[in-house]
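Take a look at the structure below.
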Amino acid sequence: MIRLLALMLLLGALPARAETVVAGLSLDEIGITARFDGSEVLIYGAVRRDAPEPDGPPLHVIVTLEGPSGAVTIRKKNREAGIWINTEKVGVAATPSYYAVASTAPLAEILDPAEDVRQRISVPLAVRAFSGPLEVEDARPFTEALLRIRAAEGQYSLAEGAVTLVEGTLFRADFRLPANLVEGDYKTRIFLLRGGIVIDAHRAALPVHKVGIERMIFVLSRQNPLVYGLLSLFIAVAAGWAASAAFRFLRP
Amino acid sequence: MLIYLPIAEVAVNALLLLGLGGVVGVLSGLFGVGGGFLITPLLFFIGIPPGVAVATGSNQVVASSVSGVLAHLKRKSVDIPMGMVLLVGGVAGAGAGIFAFNWLQALGQIDLVVQLSYVLFLGFIGLLMAQEGVRAWRRARRPGGPRAKRHQHHWVHNLPLKMKFRASGLYISVIPPVAVGFIVGVLAAIMGVGGGFIMVPAMIYLLGMPTKVVIGTSLFQVIFVSAFTTMAHAITNQSVDVVLALLLILGGVVGAQIGTRLSGRLKAEQLRILLAALVLAVAAKLALDLLLTPAELYSLHTTVLR
């Protein structure tokens with residue numbers, strides 16, 4: 001009975017499928033050079049319709065940008081014998097290094113909470129930590145601290161109202177990526193919503209990697225650490241000698 | 001002028017790094033310390049990941065020490081035989097220290113041990129130097145007062161394996177310098193520094209070396225100990241950032257030259273009081289960090305997964 005009801009609901013939602021999203025990114029990829037100090041990414045698109053715009057709840061757009069995931073250990077300090085030391089920790093296997101959400105209106109008004117759980121759109125759900133075996137009684141304050149610290153550093157952000165939707169068809173969202181980017185594949189997601197429910201979604205990848213000398217240095221340090229270490233020492237000794245020689249020359 | 005650091009993976013102001021290197025370089029030339037105990041905490045402060053800061057700091061120490069030692073060699077204020085003897089102990093100690101470091105890291109308390117050893121050693125050495133410096137300064141201002149004997153004969157001088165250290169004017173057993181080198185090496189590896197700030201007072205107070213050759217000799221042995229540490233970090237955890245190091249070095253080597261020139265003009269007592277003040281200031285700052293309630297109780301430690 002419940003299944004039948006769900007099916008009917010789904011069928012009822014089908015006509016809205018007539019609206020689909022087509023989108024593009026202002027960049028194909030981001031190259032990190034020595035002078036890299038962050039990057040602007042413009043995500044733009046349009047709503048394609050087979051029929052005139054349906055009546056009912058207004059159309060809304062949510063755009064997300066997510067960086068590669070990594071493991072994080074969240075430590076908490078406690079006072080022991082008068083000094084503050086790390087006593088408790090929670091390990092998180094994978095959480096995005098960057099996550100930004102932009103939308104046409106406050107998420108509470110345009111996104112159904114159940115739909116949010118399904119699609120993992122809002123910041124707390126998207127970065128929802130996959131915790132390992134718990135070493136503390138309550139991991140919630142640790143997860144909150146993760147969100148708080150990353151938000152303060154600009155790594156997690158929510159910009160409600162930052163997406164502009166023109167004539168119910170064209171939209172754009174601007175993201176400012178910080179300078180301390182983690183390399184890897186960034187993912188963008190674009191959601192079209194009506195009445196709190198996602199009616200169409202579009203995904204695209206945005207690779208971010210080091211280029212030029214930055215890439216050479218990084219690769220050398222990983223693939224040939226002995227040579228890299230010797231090179232670092234050579235630079236240090238040469239620079240030390242050169243400075244000494246230069247000063248001797250300047251002040252005989 | 002922002003520059004992106006390939007290993008640290010952050011963008012920082014290049015001029016800030018040059019200035020930081022320069023200030024630490026001046027101190028390094030002035031006091032014969034590699035500056036690791038200052039550069040590492042300062043790099044934490046500007047947002048460089050701790051692992052990269054420790055490893056890159058040791059690379060910068062190599063450069064400023066080379067620059068400083070060359071200036072000292074010209075003034076013939078390096079006791080090379082003594083430096084070699086200290087170095088034997090130092091490299092063995094650094095090896096043992098890296099072993100201890102990994103063990104403490106496995107226990108999860110390395111941060112605490114590092115901070116506590118900074119506070120204890122810097123505090124103790126700073127107080128010792130301040131007291132000695134003030135006493136010497138008073139003596140210098142009241143000539144004719146009783147002078148302390150420089151060479152006191154005690155059990156240390158009865159040990160075997162005696163060697164002549166001409167530049168220091170000492171004829172002592174090699175056992176105390178090797179032991180000093182070893183202990184400093186252990187501490188240096190655990191604390192992620194060259195160890196000059198421990199070595200300098202140990203040479204003056206434990207070995208009885210004249211202040212004139214202490215700085216050059218300390219710099220001489222710090223070069224090798226920090227070169228060893230740099231290689232160990234580059235090979236085991238790939239955390240040496242050569243671009244970061246280069247910027248710090250450019251500022252640092254120039255600073256070290258200025259510092260060495262300045263040290264020739266200042267009196268030994270003044271120099272000691274200044275270094276004591278600096279060491280005490282760093283110790284006080286670190287002690288406050290341990291004692292005051294932090295603004296954020298939680299901290300994030302990212303493990304690089306690639």
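Each other residue within a Cβ distance under 15 Å of A:Gly229 adds +1 if Lys or Arg and -1 if Asp or Glu, for a net charge of 0. A Cα-only calculation for the protein assembly as shown places Rg and Dmax at 29.8, 108 Å.
Net charge near B:Val69: determine it from the other residues with C-beta under 13 Å of the C-beta of B:Val69, scoring Lys and Arg +1 and Asp and Glu -1. Net charge around B:Val69: +2.
Springs between Cα atoms under 10 Å define the GNM used for chain B, and in it the highest mean-square fluctuation of B:Ser218, B:Ser77, B:Ser226 occurs at B:Ser77. Rounded to 0.05, the FRET efficiency of the B:Trp103 and B:Ala277 pair, given R0 = 35 Å and the Cβ-Cβ distance, is 0.50. With the simple spin-label model, which puts each label point 7 Å out from Cα in the Cβ direction, the B:Asn237 to B:Leu161 separation comes to 3.2 nm. Summing +1 for each Lys or Arg and -1 for each Asp or Glu among the other residues whose beta-carbon sits under 13 angstrom from that of A:Pro106 gives -3. Mind checking which aspartates and glutamates have their C-alpha under 19 Å from A:Lys76, skipping anything on the same chain fewer than 8 residues away? Correct list for A:Lys76: A:Glu88, A:Glu135, A:Glu137, A:Asp138, A:Glu144, A:Glu153, B:Asp111, B:Asp289, B:Glu296. Separation of region B:209-229 from region A:92-119 is 57 Å, based on Cα centroids.
Charge dipole (Cα centre; +1 on Lys/Arg Cβ, -1 on Asp/Glu Cβ; no other charges) of region B:243-305 amounts to roughly 420 debye. Where both bridge residues fall in region A:18-209, DSSP classifies roughly 90% of the beta bridges as antiparallel.
How long is the gain from A:Val166 to A:Arg128 if the chain were fully straight, where each residue apart is worth 0.36 nm and the alpha carbon distance is subtracted?
10.4 nm
About its Cα centre, the dipole of region A:18-209 is roughly 560 debye, where the only charges are +1 on Lys and Arg Cβ and -1 on Asp and Glu Cβ. Note that region B:76-91 has calculated 3J(HN,Hα) couplings of 6, 10, 10, 9, 5, x, 4, x, 5, 5, 4, 5, 4, x, x, 5 Hz, one per residue in order, obtained from phi through the Karplus relation 6.51 cos²θ - 1.76 cosθ + 1.60 (θ = phi - 60°); glycine and proline are x. Put a plus charge on the Cβ of each Lys and Arg, a minus charge on the Cβ of each Asp and Glu, and nothing anywhere else: the dipole of the protein assembly as shown about its Cα centre is then about 3880 debye. Between B:Arg261 and A:Ala51, the modelled labels are 8.4 nm apart [label points 7 Å from Cα along Cα→Cβ].
Contact order, relative form, for chain A: 27 percent (alpha carbon pairs under 8 Å, 6 or more residues apart, mean separation divided by residue count).
With unit charges on the beta carbon (Lys/Arg positive, Asp/Glu negative), name the residue among A:Thr188, A:Phe142, A:Ala159 whose Cα is farthest towards the positive pole of the charge dipole of region A:126-233. Farthest towards the positive end: A:Thr188. Spherically averaged projected area of the convex hull of Cα atoms, region A:18-209: 13.1 nm².
Quick one: of B:Lys162/B:Lys267; A:Lys210/B:Lys285; A:Lys89/B:Lys285; B:Lys74/B:Lys267; A:Lys77/A:Lys187; B:Lys164/B:Lys285, which pairs are farther than 30 Å apart, Cα to Cα?
B:Lys162/B:Lys267; A:Lys210/B:Lys285; A:Lys77/A:Lys187; B:Lys164/B:Lys285
The length gained by stretching the chain between B:Lys76 and B:Leu206 to full extension, at 0.36 nm per residue less their Cα-Cα distance, is 44.6 nm.
Cα centroid distance between region B:3-68 and region A:156-235, in Å? With region B:3-68 and region A:156-235 each reduced to a Cα centre, they are spaced 29 Å. Amide H to amide H, with H built 1.01 Å from N, B:Asp241 comes under 5 Å of B:Thr56, counting only residues 5 or more places away or on other chains.
Only the coordinates and a few stated rules stand behind these numbers; no lab work does. No experiment lies behind these values; they were computed from the predicted model shown. FYI the Cβ positions are ideal-geometry reconstructions off the backbone, even for glycines, and counts take in every protein chain you see.
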